[in-house]
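Asker: Below is a structure I'd like to ask you about.
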Amino acid sequence: MELTPAEPAPAPVEALPVELLRQKLSQPLGKDVQQELARLLALREKAAPVLGPTAVQSIDLGLTALLSSEQPNLAFVRGIRLRTAAALADQLYPLRPLPLLRSSSPAIQVVLGLGLLLLVSHGSAAFIHSVLTNDNTQLLGLPVRTLLLVGLCGAMGGVVSILMRLSELEKLRGASRTSMVMLGFFKPVIGLYSALFCFALMKSGLLPLQPPNPESEQYLYMAVCFLVGFSERLAKDVFARAEEGLVAAAGGEKPAPLPAP
């Protein structure tokens, strides 16, 4: 039978400085001091099981600063209380906006970037589709609504890819917060442009995919563009095949790679 090592015991929480409290409470206190004292004592009781000894030591330091002098350092005590209360609220209510923005989780940072992109893109896409275009609107000779459809399919593929990899992204703790947010923001954008390029390849014949019947042509475009946005490996394979087809159509040979230095 294999024995597993026991988990380390939590660090003990220091006892409340009762004697100091008794001495100070036997004397008249100002209203501000009484309010801060009551708030600190209530916060200490709530923070001890959640935040541990470090938070309790900070609160006790605030109690000492509040009680051990004739002129209490109220600004210092108030700062300790507010910071500890904010840390406690982050732990108890992690889905509030501010804790999400302050989170050190790479997965949450990526989702924040993704949410920022969706907030902007969905409104823009709906406005373009409903207000600026109709079935006959063209851009550079191409139907705008078809381009919008395949682009959104590629972007949605990128979104699904991110959401399915959240557990893997959580292993990247320590990575730059900015890079994680940019990953969530730009991966669907890359999927959108990849889908548009794949659509152009299919329409040009460089990517020989034919629907079984004319009625399913649009659905074929949607499915392929979604997959290209979802899978980076598939996108690279599609682009490589298109490159080979283009070289073959030009009657040339693919250039050899440069020798390694």
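The values are calculated or read from the model by the stated rules, or taken from the named source; none is laboratory data. Note that the coordinates shown come from a computational prediction; the quantities given were computed from them, not determined experimentally. Backbone-built Cβ (ideal geometry, glycine too); neighbour counts: all protein chains shown.
Asker: Criterion first (touching a helix residue (DSSP H, G or I) at 6+ places or on another chain (Cβ under 8 Å), assigned to a helix (DSSP H, G or I), small (G, A, S) and under 16 Å from L92 (Cβ atoms)) does A55 satisfy it?
Answerer: Spelling it out, A55 is indeed touching a helix residue (DSSP H, G or I) at 6+ places or on another chain (Cβ under 8 Å), assigned to a helix (DSSP H, G or I), small (G, A, S) and under 16 Å from L92 (Cβ atoms).
Asker: So, restricting to helices (runs of 4 or more DSSP H) that lie completely within the range 58-168, which ones have at least 2 residues that are at pLDDT 80 or above, more than 20 Å from the chain's Cα centre (by Cα) and assigned by TED's automatic domain parsing to the domain that holds L43?
Answerer: Because the criterion is at least 2 residues that are at pLDDT 80 or above, more than 20 Å from the chain's Cα centre (by Cα) and assigned by TED's automatic domain parsing to the domain that holds L43, the helices (runs of 4 or more DSSP H) in the range 58-168 that meet it are 74-92.
Asker: Kindly check whether there is at least one residue in the range 238-252 that is of a type in the set (V, I, T), over 24 Å from V160 (Cβ atoms) and surrounded by 12 or more Cβ atoms within 10 Å (Cβ to Cβ).
Answerer: Yes: the range 238-252 contains one or more residues that are of a type in the set (V, I, T), over 24 Å from V160 (Cβ atoms) and surrounded by 12 or more Cβ atoms within 10 Å (Cβ to Cβ).
Asker: May I ask you to verify whether L43 is farther than 22 Å from Y93 by Cβ and of a type in the set (A, V, I, L, M, F, W, C)?
Answerer: Spelling it out, it is not the case that L43 is farther than 22 Å from Y93 by Cβ and of a type in the set (A, V, I, L, M, F, W, C).
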